[in-house]
Amino acid sequence: MILATLAGWMNRKQQDVIEYLLEENRVLKQQFDATGKKLDLNDCQRRSLAEKAKKLGKDQLEKYANLVTPKTLMAWHRRLIALKYTAKRTVNTEGQKRMQVIRQLCIKFAQENDHWGYGRIQGALANLGYEVCESTVGNILRQNGILPSPERAKRKQWKRFMRNQLSVISAADFFTTEVWTPHGLVRYLSFFVINIAKREVQVVHTGCQVNGEVMCNLARELTNDFDGLLGGMKYLVVDNDPLYTPAFIEIIEKSGVKVVPTMRGCPEQNGYAESFVKCIKRECLNHFIFLGENSLRRAISEYMKHFYHERNHQGLDNLIPFPYSPAKPDQSSEIRKFERLGGLLNYYYRDNGKEELKAA
């Protein structure tokens with residue numbers, strides 16, 4: 001009699017818990033419905049619910065399930081069973097590997113060439129030794145959400161348009177450094193010009209006295225017919241610094257290069273120059289206390305060598321602009337480290353018997 005009473009009490013308690021959980025789920029579902037949001041479950045959560053749902057069966061699910069329908073839970077369970085037999089059966093055969101390379105090349109060619117149709121991409125693949133039909137190329141591009149050639153050309157990205165123009169655009173800017181001198185702490189200005197297409201930067205002046213006369217001399221140096229950095233350029237992007245005097249602009253524009261000032265308060269319009277300032281400060285200048293002008297000049301000189309010959313540039317597909325070592329070194333040779341500025345700037349390379357780094 002006591003056991004029966006105890007069992008009945010436990011059953012009532014369990015029913016109370018079930019009813020509370022059902023009400024809690026119902027309220028939660030109402031909240032989602034009111035906000036228009038959908039329940040976003042990950043695979044582990046779906047798997048857990050599906051396993052529990054299978055034990056209850058369809059009749060019990062229709063009675064208790066609130067967050068998702070019994071049909072959805074059973075579909076998740078069927079998918080779980082299917083994954084048991086298919087998820088681990090991927091075989092990387094030579095044909096599959098070859099097809100994966102073809103997919104990657106199709107996507108690459110389409111993204112980099114807006115005017116290439118299926119036939120042109122098919123021909124480019126054939127040049128590389130991959131024979132496929134046009135319908136295969138079309139299927140691959142559609143599966144990856146890439147539009148056909150006419151639609152891709154109409155939606156040509158602004159970034160790609162600008163990249164096509166970079167070969168004739170340079171940018172200029174200043175960065176400042178505090179230097180300790182016999183007269184106290186003095187601010188030095190460094191003026192640089194960057195060839196945006198090549199990421200080629202030249203720090204053309206560093207000094208504590210920069211005025212209109214100095215800027216005019218720099219303008220003449222930049223537009224020199226023999227080795228001026230603005231040779232072949234059409235545009236020079238600058239900010240609204242008053243050091244870009246009318247005389248400076250006149251000398252630049254007489255050489256055929258138009259000076260394009262950015263809008264006030266919009267440094268992102270000169271983003272390439274601003275990015276270089278951030279790099280040289282973060283990676284080099286912010287780590288030193290400079291005692292005299294010579295120490296500053298040495299740090300800038302060492303960083304520029306590192307910037308050109310040893311540093312990978314994300315804007316250039318993570319390549320080094322002018323590397324010392326070959327692009328594909330002998331992997332059997334020993335790995336060495338070359339240091340600049342006391343180990344602040346490091347470069348790792350394969351020792352292939354060359355002496356470029358020692359000379360640098």
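Computed quantities for the displayed model
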| read-out | value |
| --- | --- |
| Cα-based shape type of the stretch 117-262, given that a ≥ b ≥ c are square roots of the gyration tensor eigenvalues and the cut on a/c is 1.5 | prolate |
| Of the GluC sites (Glu not before Pro) in the stretch 90-138, those whose Cβ has at most 14 other Cβ within 10 Å and which sit in DSSP loop | Glu131 |
| Mean projected area in nm² (Cα convex hull; one quarter of hull surface) for the stretch 234-317 | 7.7 |
| Candidate aspartates and glutamates - alpha carbon under 18 Å from Lys29, same-chain residues fewer than 8 apart omitted | Glu19, Asp40, Glu62 |
| Two-decimal log10 I(q)/I(0) for the stretch 108-152, as the Debye equation yields it once each C-alpha is a single scatterer, q = 0.18, 0.24 Å⁻¹ | -0.45, -0.80 |
| Residue order, fewest to most surrounding Cβ atoms within 10 angstrom, among His115, His287 | His115, His287 |
| More than 23 Å apart - percent of Cα-Cα pairs taken over the stretch 178-306 | 37 |
| Electrostatic dipole magnitude of the stretch 110-156 [Cβ: Lys, Arg +1; Asp, Glu -1; Cα centre; debye, to 20] | 240 |
| Above-threshold pairs, the threshold being 23 Å between Cα atoms, out of Lys108/Lys337; Lys305/Lys337; Lys258/Lys281 | Lys108/Lys337; Lys258/Lys281 |
| Footprinting exposure proxy for Ile289, Ile146, Ile280 (fewest neighbouring C-beta atoms within 10 Å first) | Ile289, Ile146, Ile280 |
| Three-way shape label, the stretch 225-282, alpha-carbon gyration tensor, a/c 1.5 | oblate |
| Residue order, fewest to most beta carbons within 10 Å, for Met304, Met233, Met263 | Met263, Met304, Met233 |
| In Hz, Karplus ³J(HN,Hα) per residue of the stretch 114-126 (6.51, -1.76, 1.60; θ = phi - 60°; x = Gly, Pro) | 4, 8, 7, x, 4, x, 5, 5, 4, x, 5, 5, 5 |
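No lab work stands behind these numbers, since they all come straight from the coordinates. Everything quoted here is computed from the prediction, not taken from an experiment. Ideal geometry is used to build each Cβ from the backbone, glycine not excepted, and the neighbour counts take in all protein chains shown.
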